[in-house]
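Accompanying notes for the structure given below.
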Amino acid sequence: MTDVEAPHLHVTRTAYDTVAADYAELLRDELAGKPVERAMLAAFAELVRSDGGGPVGDLGCGPGRVTGHLAGLGLDAFGVDLSPGMLAQARRDHPGLRFAEGTITALDLPDAELAGALGWYSVIHTPPAEQGAVFAEFARVLRPGGRLLLGFQVGEDQRIRRERAQAYGHEVTYDIYRLSPDRVIRDLRDNGFALHARVVREPEDREPTPQCFVLATRA
């Protein structure tokens, strides 16, 4: 982590530290009701295994629920998150897995270390103009042929400001960005990725927007 931290990282960490325990409890079983999400994670896991396997980073892992799901699919999964509060929940709920504090903008990982990388709704707090640098960092830590899976809400790269909003039973401030799939894919290609699949599903329950899942390969 650099000495001068980007403002959005500080805001995001503070928000997630505040809500960590309630977030972990409320979303613990969310994947059980999300067949499209489970299908994308299963496809990602199958591709990584068919490539010979290797370490898989859940980059922006939160309380580790998806890290645990990937481990259950046979992957050597570990988690990285900027929120100590979220990491405490992850270590409590998944004591057999590895979790480390860090940011997706500057990963403490060697070049070409990973067989797979997951950005499961972890890029949505990064301003779109800065996401190319995040994708470059993902490319750096992935081996050639490594797989990347992203999940995010669909929009036109607009910022949604939550100012002292109620979230998971707490009052917090944070920003999210609803992202353009075309722009995300363009940025991925510019940073050394080839598109494998793009899936967009329509909103369900109380979701205000469609959800997008992008599967790409490190060229």
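Structure values in brief
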| item | result |
| --- | --- |
| DSSP H segments from the chain that extend 15 Å or more along their own axis, Cα-based, with Kyte-Doolittle mean of 0.5 or above | 35-50, 131-141 |
| Approximate shape of region 7-218 as ellipsoid semi-axes (Cα gyration tensor, √5λ), whole Å, largest first | 24, 20, 17 |
| Arg91-Arg183 pseudo-label distance in nm [points 7 Å out on the Cα-to-Cβ vector] | 3.7 |
| Virtual spin-label span in nm between Asp205 and Ala133, 7 Å along Cα→Cβ | 3.5 |
| Mean separation of Cα contacts under 8 Å, 6 or more apart, over the residue count of the chain: relative contact order % | 19 |
| Centre separation in Å (Cα based) which lies between region 97-162 and region 1-58 | 10 |
| At most 13 other Cβ within 10 Å, DSSP loop - GluC sites (Glu not before Pro), region 91-198 | Glu156 |
| Whole-percent carbon and sulfur share, accessible surface of the chain, 1.4 Å | 50 |
| Label point distance in nm, Ala6-His196, each placed 7 Å from Cα along Cα→Cβ | 2.5 |
| Shape category assigned to region 82-158 from the gyration tensor of Cα positions, a/c cut at 1.5 | oblate |
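The values are calculated or read from the model by the stated rules, or taken from the named source; none is laboratory data. The model shown is predicted, which means the values in this text are computed figures rather than measured ones. Don't worry about glycine lacking a Cβ; one is built from the backbone with ideal geometry, like all the others, and counts go over all protein chains shown. Surface accessibility is based on the protein's heavy atoms, side chains included, excluding ligands, DNA and RNA. Shrake-Rupley method; radii C 1.70, N 1.55, O 1.52, S 1.80 Å.
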